[in-house]
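This report refers to the structure that appears directly beneath it.
The values are calculated or read from the model by the stated rules, or taken from the named source; none is laboratory data. Here the structure is a predicted model, which is why all the values come from computation and not from measurement. When we count neighbours, we look across all protein chains shown, and the Cβ atoms used for this are built from the backbone with ideal geometry, even at glycine. When the accessible area is computed, the model is the full protein with side chains, heavy atoms only, and any ligands, DNA or RNA have been set aside. Shrake-Rupley method; radii C 1.70, N 1.55, O 1.52, S 1.80 Å.
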Amino acid sequence: MSNTTRFDAIVVGAGPSGNAAAYTMARAGLNVLQIERGEYAGSKNVQGAILYADALEQMIPDFREEAPLERHIVEQRIWMMDDKGHTGMHHRSDDYNEERPNRYTIIRAQFDKWFNRQVRDAGATVLYETTVTDLLRDAQGRVIGVQTDREGDGYYADVVVLAEGVNALVGQRSGLRPELRAEDVALAVKEMHFLPQETIESRFNITGGEGVVIEAMGTITEGMVGTAFLYTNRESISIGIGCLVSDLSRVGKCSPYQLLDRFKAHPSIRSLLEGSEMKEYAAHLIPEGGYRAIPELAGDGWIAVGDAGHFVNAVHREGSNLAMTTGRLAAETIIDLHRQGQRCTRQALGAYRKRLENSFVMKDMKKYKDVPRMLEKQGSTIMDLYPRLMNGAAQTWFRVDGRDKKAKENAIVKAAWHARGLGLLGDAVKLARAWR
Amino acid sequence: MSDTIENRLFQNRYIVDTGQPHIRVTPHETPSEALQSMVHVCPAGCYSKNEHGQVEIVADGCMECGTCRVVCQDTGEIEWSYPRGGFGVLFKFG
Ligand SMILES: Cc1cc2nc3c(=O)[nH]c(=O)nc-3n(C[C@H](O)[C@H](O)[C@H](O)COP(=O)(O)OP(=O)(O)OC[C@H]3O[C@@H](n4cnc5c(N)ncnc54)[C@H](O)[C@@H]3O)c2cc1C
Ligand code: SF4
């Protein structure tokens with residue numbers, strides 16, 4: 001490939017958003033160059049990881065036949081933790097043992113590699129071990145290509161799709177978007193723990209390809225805004241915890257891996273991991289600023305997708321599906337313009353925004369637009385006080401100790417009143433508003 | 001279950017670009033609070049304080065998360081870029 005080849009589109013990054021964009025465009029016959037800084041697609045990427053089938057199915061309907069999937073989810077546990085235990089909700093149904101399951105656990109490095117192979121098979125050219133360092137522009141400032149850390153003059157295209165993930169250095173350093181605020185990103189650390197398949201299945205009461213996910217919050221984050229997770233893979237368990245970077249740096253004394261250690265040692269978790277062998281430790285940022293943190297999404301000759309567009313629904317732990325969907329919608333916008341022989345100007349690419357608004361992506365982002373601000377202000381109450389109160393209330397309720405039930409009810413109400421007073425009402429209103 | 005950071009990073013694969021660290025701390029007398037917080041916040045424990053109270057980095061175990069870049073963006077004490085293509089951390093699972 002000579003550097004003077006002109007492409008219809010250049011995609012920066014081979015995560016789910018970049019792969020979705022490159023795949024969709026290559027399938028439509030566009031001449032696509034994808035550039036990835038890792039040795040292979042996925043080698044730099046970290047996720048829990050839950051894959052939501054629908055977003056992928058829209059592009060590759062028969063993905064289940066070949067994609068490296070771990071387990072399909074049949075049970076969801078949501079835990080509010082205090083120091084000694086948890087109170088929560090479990091939901092399980094045999095309905096999830098269906099022909100086309102809805103959610104799977106995956107291992108990102110393997111999944112991304114597979115997805116990226118589909119991109120190549122669809123006809124795109126993929127360059128690995130190459131970091132995009134800058135955007136190339138014409139005299140009018142329009143983006144016309146990218147510069148990389150390889151020797152040469154760079155690569156040229158009608159449009160550059162920025163699928164570079166949360167750090168988004170290319171966009172930032174080219175002045176297309178502001179730097180991330182520490183309040184808008186969470187730092188997550190994660191470990192992979194290996195156990196025999198039978199051990200996992202008996203510990204989690206599952207068989208065959210069934211899987212369980214645990215999402216947890218509470219005193220495990222020491223009052224900081226954050227959550228933890230435990231997901232079952234076929235022969236391993238992914239376990240991790242994440243907190244807002246602003247909280248971590250403000251506290252300044254808490255190492256993320258110490259939080260993870262404490263989570264792993266928690267009485268509710270410890271026995272689930274017993275005897276496991278840890279084989280990898282990873283860290284990654286998650287964009288959690290929500291709708292208000294979405295940067296400019298397109299301009300003359302460029303368009304941003306996935307984490308680079310801040311598309312994560314932190315309330316529902318969804319990111320990879322938004323990445324794939326935004327990647328696909330950006331690609332469809334570009335394909336339309338290409339077929340009409342139109343240039344990818346800022347105005348023409350405005351159609352991407354419209355597609356987003358019409359999809360679940362922007363509707364969900366808007367629905368929770370006030371949650372990040374609420375957490376910024378109420379974080380420690382929600383992350384620390386309420387989990388304690390709930391666990392205290394549960395104990396008061398379930399212990400049989402000679403106290404009558406009315407007295408127990410009073411004790412529970414009194415404990416909450418004592419801890420929060422009228423704030424209780426205010427919290428309820430704020431939560432309801434942010435959720436609306 | 002608790003583990004040292006060294007044992008953790010030992011599990012990971014890296015291709016270190018010898019002599020080309022991708023993160024540098026600019027020389028300083030007294031580090032800002034933001035930079036000091038990185039001694040704890042960096043998930044790979046790359047930052048440490050020397051006997052003069054200055055913050056130093058050895059980026060070999062860096063997982064390229066970008067946290068230090070975000071935390072220290074306003075103080076200008078850190079120069080941060082990705083390692084050259086093909087170098088740095090290499091996740092087997094991710
Ligand atoms: C711990 C954790 C748990 C998560 N759990 C879930 C979950 O269970 N379910 C879910 O749906 N989402 C989850 N997410 C979110 C999800 O991982 C992201 O939303 C998703 O990966 C975003 O995809 P992306 O393609 O936009 O970015 P990324 O996956 O980050 O991909 C960006 C790609 O661009 C490459 N790149 C970056 N800069 C350059 C450059 N300059 N030159 C060349 N290449 C470059 C990178 O190497 C990378 O391959 C989780 C995230 C984390 C961190
Ligand atoms: S990028 Fe992340 S892992 Fe690397 S030095 Fe900064 S905080 Fe530590």
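Tabulated results
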read-out: Reduced Cα scattering model of the stretch A:371-435, Debye log10 I(q)/I(0), q = 0.14, 0.27 Å⁻¹; value: -0.48, -1.15
read-out: Fraction of beta bridges assigned by DSSP in the protein assembly as shown that are antiparallel (%, nearest 5); value: 70 percent
read-out: Neighbour net charge for A:Ala228 - beta-carbon separation under 15 angstrom, K R +1, D E -1; value: -3
read-out: Average accessible area per residue (Å²) across the protein assembly as shown - probe 1.4 Å, nucleic acids and ligands excluded; value: 43 Å²
read-out: With every protein chain in place, the stretch A:308-369: carbon and sulfur % of accessible area (1.4 Å); value: 48 percent
read-out: Estimated buried accessible area (total), pair A and B, 1.4 Å, Å² to nearest 100; value: 3900 Å²
read-out: Descending principal axes extents, the stretch A:182-287, alpha-carbon based, whole Å; value: 44, 26, 22
read-out: Cross-link pairs beyond the 32 Å C-alpha cut-off, checked among A:Lys84/A:Lys367; A:Lys366/B:Lys92; A:Lys264/B:Lys92; value: A:Lys84/A:Lys367; A:Lys366/B:Lys92
read-out: Gap separating the Cα centres of the stretch A:347-384 and the stretch A:102-155, nearest whole Å; value: 27 Å
read-out: Gyration tensor (Cα) of chain A, equivalent ellipsoid semi-axes in angstrom; value: 42, 24, 19
read-out: In Å², nearest 10: area of A:Lys366 left accessible to a 1.4 Å probe; value: 80 Å²
read-out: Nearby lysines by direct alpha-carbon distance to A:Lys414 (threshold 19 angstrom, same-chain neighbours under 8 apart not counted); value: A:Lys405, A:Lys406
read-out: The stretch B:5-90: C-alpha gyration tensor shape, a/c 1.5 cut-off, then a/b vs b/c; value: prolate
read-out: Long pairs among A:Lys190/A:Lys253; A:Lys113/A:Lys363; A:Lys190/A:Lys377; A:Lys44/A:Lys190, criterion Cα-Cα beyond 25 Å; value: A:Lys113/A:Lys363; A:Lys190/A:Lys377
